[in-house]
Structures are given as C-alpha cells and as structure tokens.
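A quick write-up on the structure given underneath.
The values are calculated or read from the model by the stated rules, or taken from the named source; none is laboratory data. What you are looking at is a predicted structure, and each value in this text was computed from that prediction instead of being measured. Positions of Cβ are generated from backbone atoms using ideal geometry, with glycine treated the same way; all protein chains shown enter the neighbour counts. These accessible areas exclude ligands, DNA and RNA; they are computed on the full protein's heavy atoms, side chains included. Shrake-Rupley method; radii C 1.70, N 1.55, O 1.52, S 1.80 Å.
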Amino acid sequence: MSIVSEVELIEFDHTVVHGYDRMGEPLSAATSRTTRRFGVRIRTDEGAVGEYVVLWSAPPYAIGQVKAMAASLVGRDVHDREAIWDSFNGGFAKTDRIGAGALDIALWDVAGKLAGLGVSQLLGRFRDRLPAYVSTVGGGHGLGTLATADSYRDFADECARRGVPGFKIHGRSAGTAQDEIEIFGVTAEGSAGRSDIMTDPGKSLPTLAAALKLGRFCDEVGAFWWEDPMRGDAPLAHRILRERVRTPLLITEFVRGLELRTALALDGATDFLRADPELDLGITGVMKTAHAAEALGLDLEVHAAGPAQRHCMAAIRNTNYYELGLLDPTTGNPLLPNVFADTYTDDLSAAGPDGCVGIPPGPGLGVTYAWDRIATLNADHTTFH
C-alpha cells in the first residue's frame, strides 16, 4: 500500500499576449490576458510525489472542484484509482467534474514512479511513436500571425514538407460557412495531398444548413474528419450531418460523461469519439471512453496536447493522431504555459522526421515541472492533510 498523506494545490497566473507582427514580435498595441491555471502534487506516506499541471482544458472554475475533491484523497491508497474515480464520478455528478482530471493524472504519475514505469506501460503500451497532426491556433484571435488565407496555405505547406502527416485548422471564427470554406480550401492547396486535413469550427456555425454547406466542401477536398461544426450536440441534427456528408464527423469534446458520449455514438450522432484527460476525469476516464469506442468499432481521438495525452494515445489501438497544438508558424505554441523544467515541448520541433512525437521517458508521466518558476507567477498554495 502507498497512502496519500497530503494533496497540494498550486494556483498561478498565466499571461497570453495578443497581437504579433509577421516576425512573431508583439505589436506596440499588443494586449495581454491573464488567467489562473493550477497544478497538483500528491504526496504519499512513503515520500513519493505525483504531479500534474493543467495545460489547456481545465478552466479556472475547476479549481473549486479540486478543492472540494482533494481532501477525500487523504488516507486513500494511490492504487485504488478505480474506486477513487467512481467516487468522483458519482459524488460530483451535479457538476461537470472537470476538477477530477488533474487529480487522477497525478495519481497515475505517482503510481508509475512507485513502479519505476511510464504511465503508458502501466496502461499497456500499444505504440511508442504517435503520428501527429498540427492543430492551428485560431486565426484572427491575435495569438499569432495566422490571419490571412495565404498564411494558412503557407503553414500547411511547411508542415507537409516537414513530413507531419496531418493538419487541422481552427479558422478565423467568423461563424460563417463561407469563411471556414475559404480557409479550408487554401489549406487543402497548401497540403497538396501530402497530409490529411481536418477542420474544427469549434461549434461556431449557428445553423444546420451552414454545417451542411461546410460538410459538402469537406467531401470535395477529401477531409480526414470534420469536428464540432455546429452549436449544441443534438443527436438528430448530427445524424443528418452523418447521413448527408461522407467525411467522418468527430464530436463529444464538449460532452461530459462517459455515458452521454457513448449514447451519442449509439444514437448515430458521430463517427469518432473525443476524450480529454483534463476534462474527462483523467487518464482513467479517457481509457474508459477508448474502450467503449473500441467495443463499438469506433475510433477515439484524444483531445489536446500534453504528457497525459501522449501516454493515453500510446495505450490506445483505435486512434489515429496526436493533436500537436495549438500552433502558429511564427509564435510556436502561444497558449502553452511555461511549466516544464526539462526538454518537453509541444511545438513543431516535437515532431520527428517520421512525423511522430515520442512518449516522455522515465517513470510516471516522464516530465519534470519547474515548480520554482511557477512559484514566481503570483502563486497560491493550498494543502490538504
């Protein structure tokens, strides 16, 4: 047994600059936005420490959920992850349960460290190289230099020349099918059949008719998938999309709960399923969704980039691509907080000549966090004994 003796929550500021020139330098009129991020450290009675810092998907209000959940871990065996997952899933069913993700990931990290194995080895590794697709930062948000059609075309060409096998756009978020079609069309030109292409409007299209218009264009350019095209997750509307568009449809990034995601698949509302360790009750939750998808003969695509995502994908057979993002050709990965003390990165340099990213080496998640640096970012510490 290895008993949780303490859970520490570390909140810190993460500042993102909006407004860059073509060289990737902040404009004189650049603005910044600061949000609160957080990390957790789980210590055991044997002195082992499990760690995780959220990167993308857990919004600030998840902090309150972590505080509500953390104390219940004290005194539990770190290997009782299924029982802990079940208590979070049931006990916080009236919330979105996002706060459970970081805690579950940290439990997997400490279990790996205790065993001297990487998380993907504990899960049962299927692969050690992960085919990647570049997932762009949304053009028009001022986070980088993707703003014009030409910039998307050139970036798709650059990534294809580097051998990255997939490229997905987040467009200018104008909320019109024509705007998405314009950017996706030039992306197809830049890719020139050398890489799979995908589009993700992020639910920006307001009507079924607009989504159908984009879907027909996806068929024309031979898209690998199209993702979250329209508002909501209504099964009927998405069944219509699947019936009238040949390109595989990927939804459920915005759907919480294993049962609801699986029900949408059973109802014929999606071709692939999505899951995210930060959003969907951790690594445990992602693997449950992956196995549910496998039982239905469907693919499970892991959402977002990070060490937890890499270990999950390494242990999943029925998956296609690692989401290397969110990237800009000049600013790299402008949204990623600088929390690592080692060489871990999720920019374009992470993809090797084979177009794949690797699994972080070492036990647990295999990464080292820069806690001293994080402590300088207006950090607050809360400890649960």
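Can you tell me which residues in segment 258-272 are among the small types (Gly, Ala, Ser) and open to solvent by less than 10 Å² (accessible area, probe 1.4 Å)?
ALA269 - this is the single residue of segment 258-272 that is among the small types (Gly, Ala, Ser) and open to solvent by less than 10 Å² (accessible area, probe 1.4 Å).
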(Q) I'd like the full set of residues that are buried (at least 16 other Cβ atoms within 10 Å of the Cβ), under 21 Å from the mean Cα position of the chain (by Cα) and assigned to a helix (DSSP H, G or I), limited to segment 328-385. (A) LEU348, ALA350
Q.
Being surrounded by 24 or more Cβ atoms within 10 Å (Cβ to Cβ), in contact (Cβ under 8 Å) with a residue 60 or more places away in the chain and either polar (S, T, N, Q) or assigned to a loop (DSSP other than H, G, I, E, B) (or both) is the filter here; which residues of segment 304-320 pass it?
A. ALA305, GLY306, ILE316
Q. How many residues are in contact with a helix residue (DSSP H, G or I) (Cβ under 7 Å, 6 or more places away or on another chain), closer than 22 Å to LEU324 by Cα and open to solvent by less than 40 Å² (accessible area, probe 1.4 Å) when one looks only at segment 160-184?
A. 7
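Among the residues of segment 185-211, write down those that are outside any loop (DSSP other than H, G, I, E, B), in contact with a strand residue (DSSP E or B) (Cβ under 9 Å, 6 or more places away or on another chain) and either open to solvent by 40 Å² or more (accessible area, probe 1.4 Å) or among the hydrophobic types (A, V, I, L, M, F, W, C) (or both).
Matches in segment 185-211: ALA188, ASP196, ILE197, MET198, LEU205, LEU208, ALA210, ALA211.
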Q) How many residues does segment 252-292 hold that are hydroxyl-bearing (Ser, Thr, Tyr) and assigned to a loop (DSSP other than H, G, I, E, B)? A) 2
**Q.** segment 63-76: number of residues that are in contact (Cβ under 8 Å) with a residue 60 or more places away in the chain, outside any loop (DSSP other than H, G, I, E, B) and either under 15 Å from PHE38 (Cβ atoms) or open to solvent by 20 Å² or more (accessible area, probe 1.4 Å) (or both)
**A.** 3
Q) Which residues, taken from segment 212-227, are charged (D, E, K, R) and either crowded, with 22+ Cβ neighbours inside 10 Å or touching a helix residue (DSSP H, G or I) at 6+ places or on another chain (Cβ under 6 Å) (or both)? A) LYS213, GLU227
Q: Could you list all residues from segment 28-62 that are touching an Asp or Glu at 6+ places or on another chain (Cβ under 8 Å), β-branched (Val, Ile, Thr) and either under 28 Å from LEU143 (Cα atoms) or outside any strand (DSSP E or B) (or both)?
A: THR34, THR35, VAL40, VAL54
Q: Would you check if there is a residue in segment 124-137 being open to solvent by 60 Å² or more (accessible area, probe 1.4 Å), at pLDDT 95 or above, closer than 22 Å to GLU278 by Cβ and touching a helix residue (DSSP H, G or I) at 6+ places or on another chain (Cβ under 7 Å)?
A: yes
Q: Take the residues in segment 114-123 that are assigned to a helix (DSSP H, G or I) and either over 11 Å from GLY364 (Cβ atoms) or not small (Gly, Ala, Ser) (or both), then tell me which one is least open to solvent (accessible area, probe 1.4 Å).
A: VAL119
Q) If the Cβ limit is 8 Å and pairs must be 6+ apart or interchain, which residue in segment 107-135 that is within 19 Å of GLU323 (Cβ to Cβ) pairs with which residue that is charged (D, E, K, R) and part of a helix (DSSP H, G or I)? A) VAL119/ASP109; SER120/ARG310; LEU130/ARG310
Q: For segment 186-196, state whether one or more residues are in contact (Cβ under 8 Å) with a residue 24 or more places away in the chain, closer than 17 Å to ASP228 by Cβ and of a type in the set (A, V, I, L, M).
A: no
Q: Only residues that are within 17 Å of ILE63 (Cα to Cα) and open to solvent by 30 Å² or more (accessible area, probe 1.4 Å): list them for segment 83-95, please.
A: GLY91, PHE92, ALA93, LYS94, THR95
(Q) Taking the conditions exactly as written (in contact with a Leu (Cβ under 8 Å, 6 or more places away or on another chain) and among the charged types (D, E, K, R)), does ASP128 satisfy them or not? (A) no
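So which of ILE98, ILE105 ends up being in contact with a helix residue (DSSP H, G or I) (Cβ under 6 Å, 6 or more places away or on another chain) and either in a loop (DSSP other than H, G, I, E, B) or surrounded by fewer than 22 Cβ atoms within 10 Å (Cβ to Cβ) (or both)?
ILE98
Scan segment 77-95 residue by residue and report those that are in a helix (DSSP H, G or I) and among the hydroxyl-bearing types (Ser, Thr, Tyr). Let's see the steps before the verdict.
Taking segment 77-95 as the starting set, the residues that turn out to be in a helix (DSSP H, G or I) are 81-91.
Within segment 77-95, just SER87 meets the criteria.
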